[in-house]
Ligand SMILES: [Zn+2]
């Protein structure tokens, strides 16, 4: 069985940093947002987290060569993904979902080979995928030889909405040549509510479900990773090789497909300092976002007004 830790949650919740820390542990690899491999890898040749373009990254080229993936079908798979099962469909009755999944067999076939090849090439027991989309998690959950762990990462919606609203600077790399997409706070708050509800509804009763608030993670990163390791049945000594102290961690080079620009960071970093720099929305927008996300604020232990 291939063990996949799937970071599920809404965008701009800190999944890239969490994925990079997990991927730096012995026996782990973080592959970024694998959902986008067909377009941001094959078609658009974005930069990998290692700094080389996808077509020049020897890791990905070996993985792809091994499964004899025909490059010409990449646009077809993008089409299947976009027309296939979406996150909101996870709320449909099981019989309807089963019918929809019957149309995804070819897509699942290539995903299965891909994860197998990553596992064989790296020798890593744990693959961390930070695609976040509930729909991609559901696809992985339907692949027979994948033992899926859902790591549900939630961040305060007021901070998330600000992150979607502000302009994120260009780092001059191919994957960031444009300003990252922006949503107004009403749209980001609505999607935050929808996605987090779907993830909680679909997996919270599963024994492989792990819940983590981003705010708890940045305040106590090493302790948070301990808790995740305990859930995976691993000793906390796994952290010893990468954590210098509770807040300081050494990030190894990762071969990530897509993700926040922080995925290019490596070496020693302070987790807390990246959090403290964050500004916030004005009072009016914060109130609107609080109102929209109210149904889940209490469940996830957030103040009703911040
Ligand atoms: Zn690479």
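Just so you know, all these numbers are worked out from the coordinates, no wet-lab data involved. Please read all numbers here as calculations on a predicted model, not as lab measurements. Cβ sites come from the backbone with ideal geometry, for glycine too, and all protein chains shown count toward neighbours.
Relative contact order of the chain, taken over Cα pairs closer than 8 Å and 6 or more residues apart, is 31 percent. GNM on the chain, alpha-carbon springs under 10 angstrom: the most fluctuating residue among 93, 157, 75 is 93.
Kindly provide the helix-only [θ] at 222 nm of the chain, computed as the sum of -39,500 (n - 2.57) over DSSP H runs of four or more divided by all residues, to the nearest 500 deg cm²/dmol? Could the numbers behind the result be given before it?
Working: 12 runs with 129 residues, N = 306.
Mean residue ellipticity at 222 nm (helix-derived): -12500 deg cm²/dmol.
GNM on the chain, C-alpha springs below 10 Å: top fluctuator among 15, 53, 130? Among 15, 53, 130, the largest mean-square fluctuation in the Gaussian network model of the chain belongs to 53. Compute the Cα gyration tensor for region 2-297, then decide on rounded, prolate or oblate, letting a ≥ b ≥ c be the square roots of its eigenvalues: rounded whenever a/c is under 1.5, prolate when a/b is larger than b/c in the other cases, and oblate in all that remain. Rounded is the answer for region 2-297, as its axis ratio a/c remains below 1.5. As a calculated quantity, the FRET efficiency between residue 66 and residue 144 at R0 = 25 Å, using C-beta atoms, amounts to about 0.80. Taking only Cα atoms and a 10 Å spring cutoff, compute GNM fluctuations for the chain and point out the largest among 135, 287, 24. Comparing 135, 287, 24 in a Gaussian network model of the chain, the most mobile one is 287.
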